[in-house]
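Peer 1: Handing you this structure, nothing more for now.
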Amino acid sequence: MKFRFTLFLTAACICAGQVAVPDAIFYDDASRPIAFAVNEIQKAAPGAIPEYRLNQAGGINCKYCLTISAVAGGGKNGSAQSYAIRRTGNSTVVIGADPAGAMYGGLDIAEAIRIGTFASLASSEHAPYISQRGIKFNIPLDARTPTYSDNSDAAQANIPEMWSFDFWREFIDEMARHRYNVLSLWSLHPFPSMVKVPEFPKVALADVKRTTIPLDNTYSHTGSDMVRPATLAHLETVRTISIEDKIQFWRDVMRYAKDHGIDTYVITWNIFTFGAEGQYGITKAQDNPVTIAYFRASVREMVLAYPDLAGMGITAGEQMENRSDEFSKEKWLWQTYGEGVRDALRKQPGRQFRMIHRYHQTGQTEILDQFKDYPGPFDLSFKYSIAHMYSIPNPPYINDLLPGMPPGRKTWLTVRNDDIYSFRWANIDYARQYLRNIPPPDKIAGFYMGPDGYIWGREFLSRKTSHPRPLVISKQWLSFLLWGRLSYDPDLSDAQIHRVVGQRFPEVDPTWLMDSWSPASMVFPLITRFFWGDIDLRWFPEACLSHPRHQGWFTVRHFIEGSSMPGSGVLNILEWRKIQASGGSMTGATPIAIADALADHAERALAGLPRLRQKAASYELQATLNDIEAMAYLGQYYAAKIRGAASLAMFDLTAAAPDQAAAVRSLEAALRHWRDYARVYSAQYKQPVLYNRVGVVDIPALIANVDADVEMARSWKPKTIDESKLAPRRSDRPFSK
């Protein structure tokens, strides 16, 4: 049968104080996904396990036999990526529907060995709850072909890493362990760094370069000036490499991903011509026929150069004009990307190549009309929580979209994490609830999760230096585990996750650790549902900031006048004040209730730290506890600031001195909490740091802003707020236009 691969494992009995492990492995080593699982089993076992080819099965004496096979039609109902585990006496059988399913079954075996539950592994069936589970990776390829995030410290530090196979080997291994199967690489204009186009050969870029001049927060938010003359005048070469070797490098990366059950996509914004501008008459003008020909040929070569590229994604922005002529957005995208793919598939008939068209800055009717003749799978893509996945587990923005989607058409969800860059987040219940609320698979193709304001490459925030630096996916391992494993199986038990945590940190009781880690992690969803800024430019909860061109620091006045997240059921302060003053009944979570919840979560997080610190031996656990402490102090800060804002709002209305005094006391408490937050944060992380979407962040320097809130409350004059002059900040629109 097609996809016939079988892996035989033999398990020894548990003796006192020992973990059952296989005593022989039989497998088809030509199956790379299964070979990866076998390698994981070997690493999990206390000693090396003899390995044999599949055709030797039966010729080796097995005392306790375990068989894992990948057979088309096997697994759970024969569905892709599924597998079943059967235990009968001393025999264990794992049947995967395909190599990916067999790999996942093998990874279950490896995990069971690590946590000591292999002997008690029960019969079960497994199939993916969400079929496509991806990472959104804004990839800083080169100063000359940047991504949307390049004007940041993280991007500049990671440019060399993007051309290191060691990086991608480690990153892809971690993705597979956590059951992710989509890697999406996002770039403004990747072609000069990834393909050589015969019609435009001089566009292809040799070597890898980055700028040596300091970057800042003055760059356009639409990416239009991500490459400036000054940056090009001060370049350094970080790797010497020909375009031919670049193409081979990315072929190797995509093949390695494929060998781990992972599909690779390249996703672009438009129209950007960095690296090609001015050559052969190429410009970013939408009506330039040379530019159209260049893009069409570049897309063709991208498809032809990379046989393991699963597809491409496109955006009708950020640099496209709203035109209604032959050069309209969608006509341009069809002439370039659509026709480019068709040109390639004429040379590779029978190849399936998926196109993902983002809803962003365009409309569904125009998309589907222009791409009606696309020769392959065609999906859409939607910003599910806009920029804040850590807000509420059931964001409302897609609700208006789904009923109008044509039958059979599906959308991907862009799940943006522009909430947490620094910290190790871990709350099982929130992740499980969020994933269970994702709409059903008849409308949803899958998701890709990631930030625009940070780079999920190697981590360069920590003050602790090492070479190489740890990967973000490794540092925030439990967060990635939760979102990956629970999107494959939302029924994965808390007990199983706790066992994994216990194996990672054997010096502490995992229940104790999660009793602090989980509530600390809820600080971000609670504050963002209360104080809402839809896109990343408008709200960065780690620092109570937006980009300086929007607002910068959010004062206590902004908290009074701000809005809560649509669909959250949370009253903002002015809504609460109106009901409070009229004696009406509250019909949502009040600001005080949110403050109480923040304070309670912070208190529970801090309460468990002393006994955990007594036993914390490893640097990783110590750093995790520091993150928990920092998140807890941030929660205490926001709780006190909300209370101060509520009291000050009442003073503004009533002129009652006790209300003003209460506001001052709360904001003085907020100042103490921010000092604690800044102390713990700056002990672990570098400051200041440049992020591309909110600018320079310096947590200790913001103490002055927190102190100014206290003075604002002391000098506040009643009747300062005129609600009739406030522009509504609530954003109920779906982020699709």
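Peer 1: What about residue 125, is it among the acidic types (Asp, Glu), in contact (Cβ under 8 Å) with a residue 40 or more places away in the chain, assigned to a helix (DSSP H, G or I) and in contact with a Lys or Arg (Cβ under 8 Å, 6 or more places away or on another chain)?
Peer 2: In short, no.
Peer 1: Just give me the residues in segment 469-489 being free of Cβ contacts under 8 Å to residues at least 24 places away in the same chain and surrounded by 22 or more Cβ atoms within 10 Å (Cβ to Cβ), in sequence order.
Peer 2: 472
Peer 1: Here are some residues: 108, 166. Which one is of a type in the set (D, E, K, R), farther than 24 Å from residue 435 by Cβ and outside any strand (DSSP E or B)?
Peer 2: When all the criteria are applied, what remains is 166.
Peer 1: Would you pick out the residues in segment 561-583 that are of a type in the set (A, V, I, L, M) and either surrounded by fewer than 23 Cβ atoms within 10 Å (Cβ to Cβ) or over 15 Å from residue 595 (Cβ atoms) (or both)?
Peer 2: Answer for segment 561-583, where residues must be of a type in the set (A, V, I, L, M) and either surrounded by fewer than 23 Cβ atoms within 10 Å (Cβ to Cβ) or over 15 Å from residue 595 (Cβ atoms) (or both): 565, 574, 579, 581.
Peer 1: Name the single residue, out of those in segment 709-719 being assigned to a helix (DSSP H, G or I) and surrounded by fewer than 16 Cβ atoms within 10 Å (Cβ to Cβ), that is farthest from the chain's Cα centre (by Cα).
Peer 2: Among those residues, the one meeting the criterion is 714.
Peer 1: While we're here: Within segment 45-80, can you find the residues that are touching a Phe, Trp or Tyr at 6+ places or on another chain (Cβ under 8 Å), assigned to a loop (DSSP other than H, G, I, E, B) and among the aliphatic types (A, V, I, L, M)?
Peer 2: 57, 60, 71, 72
Peer 1: Taking the criterion of being touching a Lys or Arg at 6+ places or on another chain (Cβ under 7 Å), hydroxyl-bearing (Ser, Thr, Tyr) and over 19 Å from residue 695 (Cβ atoms), would at least one residue in segment 143-155 satisfy it?
Peer 2: No; the residues of segment 143-155 include none that is touching a Lys or Arg at 6+ places or on another chain (Cβ under 7 Å), hydroxyl-bearing (Ser, Thr, Tyr) and over 19 Å from residue 695 (Cβ atoms).
Peer 1: From the list 78, 96, 59, which residue is of a type in the set (Gly, Ala, Ser) and crowded, with 17+ Cβ neighbours inside 10 Å?
Peer 2: It is 96.
Peer 1: Keeping to segment 113-122, report how many residues are at pLDDT below 95 and in a helix (DSSP H, G or I).
Peer 2: Residues flagged as at pLDDT below 95 and in a helix (DSSP H, G or I) within segment 113-122 amount to 1.
Peer 1: Enumerate the pairs (first residue in segment 597-614 and outside any helix (DSSP H, G or I); second residue anywhere and of a type outside the set (S, T, N, Q)) with beta-carbon separation below 7 Å, excluding pairs fewer than 6 apart on the same chain, so at least 6 apart or on different chains.
Peer 2: From residues that are outside any helix (DSSP H, G or I), the pairs are 608/512; 608/515.
Peer 1: Can you pull out the residues in segment 83-102 that are in contact with a helix residue (DSSP H, G or I) (Cβ under 7 Å, 6 or more places away or on another chain) and of a type in the set (A, V, I, L, M)?
Peer 2: Across segment 83-102, the qualifying residues are 85, 94, 100, 102.
Peer 1: Can you pull out the residues in segment 658-702 that are small (Gly, Ala, Ser), surrounded by 16 or more Cβ atoms within 10 Å (Cβ to Cβ) and assigned to a helix (DSSP H, G or I)?
Peer 2: Within segment 658-702, 662, 663, 666, 669, 670, 678, 682 meet the criteria.
Peer 1: With aliphatic (A, V, I, L, M), at pLDDT below 90 and not assigned by TED's automatic domain parsing to the domain that holds residue 178 as the only criterion, which of 37, 80, 70, 16 stands out?
Peer 2: Answer to the selection: 16.
Peer 1: Ok, one more. Considering only segment 337-380, how many residues are closer than 25 Å to residue 402 by Cα, of a type outside the set (Phe, Trp, Tyr) and either touching a Gly at 6+ places or on another chain (Cβ under 9 Å) or in a loop (DSSP other than H, G, I, E, B) (or both)?
Peer 2: 17
Peer 1: Something else now. State all residues of segment 312-336 that are farther than 17 Å from residue 364 by Cβ and assigned to a helix (DSSP H, G or I); if no residue qualifies, say none.
Peer 2: Of everything in segment 312-336, those that are farther than 17 Å from residue 364 by Cβ and assigned to a helix (DSSP H, G or I) turn out to be 332, 335, 336.
Peer 1: Taking segment 551-568 only, how many residues are more than 20 Å from residue 643 (Cβ to Cβ) and touching a Leu at 6+ places or on another chain (Cβ under 9 Å)?
Peer 2: 2
Peer 1: Please indicate, with yes or no, whether at least one residue in segment 626-648 is assigned by TED's automatic domain parsing to the domain that holds residue 551, out of contact with any helix residue (DSSP H, G or I) (no Cβ under 8 Å at 6 or more places or on another chain), at pLDDT 95 or above and part of a helix (DSSP H, G or I).
Peer 2: no
Peer 1: Now a separate question. Kindly indicate the residue of segment 453-468 that is assigned to a loop (DSSP other than H, G, I, E, B) and at pLDDT 95 or above and also surrounded by the fewest Cβ atoms within 10 Å (Cβ to Cβ) among those meeting that condition.
Peer 2: Once the filter is applied, the top-ranked residue is 463.
Peer 1: Being touching an Asp or Glu at 6+ places or on another chain (Cβ under 8 Å) and closer than 18 Å to residue 235 by Cβ is the filter; apply it to segment 155-191 and report the residue that is surrounded by the most Cβ atoms within 10 Å (Cβ to Cβ).
Peer 2: 159
Peer 1: Filtering segment 37-54 down to residues that are closer than 21 Å to residue 260 by Cβ and without any contact (Cβ under 8 Å) to a residue 24 or more places away in the chain, which residue is surrounded by the fewest Cβ atoms within 10 Å (Cβ to Cβ)?
Peer 2: Of everything passing the filter in segment 37-54, 39 is surrounded by the fewest Cβ atoms within 10 Å (Cβ to Cβ).
Peer 1: Go through segment 609-640 and give me each residue that's farther than 24 Å from residue 459 by Cβ and out of contact with any Phe, Trp or Tyr (no Cβ under 6 Å at 6 or more places or on another chain).
Peer 2: Matches in segment 609-640: 610, 611, 614, 615, 636, 638, 639, 640.
Peer 1: I've got another one for you. In segment 61-90, what count of residues is obtained for those that are free of Cβ contacts under 8 Å to residues at least 40 places away in the same chain and either hydrophobic (A, V, I, L, M, F, W, C) or within 23 Å of residue 178 (Cα to Cα) (or both)?
Peer 2: Result for segment 61-90: 3.
Peer 1: Do the conditions hold for residue 564, that is, is it out of contact with any Ser or Thr (no Cβ under 9 Å at 6 or more places or on another chain), assigned by TED's automatic domain parsing to the domain that holds residue 681 and not in a helix (DSSP H, G or I)?
Peer 2: Taking the combined requirement at face value, the residue satisfies it.
Peer 1: Scan segment 178-206 residue by residue and report those that are part of a loop (DSSP other than H, G, I, E, B) and aliphatic (A, V, I, L, M).
Peer 2: Once the filter is applied, which keeps residues that are part of a loop (DSSP other than H, G, I, E, B) and aliphatic (A, V, I, L, M), segment 178-206 yields 188, 195, 197, 204, 205, 206.
Peer 1: Considering every residue within segment 174-194, establish whether at least one is of a type in the set (Val, Ile, Thr), in contact (Cβ under 8 Å) with a residue 60 or more places away in the chain and more than 21 Å from residue 310 (Cα to Cα).
Peer 2: There is no residue in segment 174-194 that is of a type in the set (Val, Ile, Thr), in contact (Cβ under 8 Å) with a residue 60 or more places away in the chain and more than 21 Å from residue 310 (Cα to Cα).
The values are calculated or read from the model by the stated rules, or taken from the named source; none is laboratory data. Everything numeric in this text was worked out from a predicted model, so none of it was measured. Please note: Cβ atoms are built from the backbone with ideal geometry, for glycine as well, and neighbour counts cover all protein chains shown.
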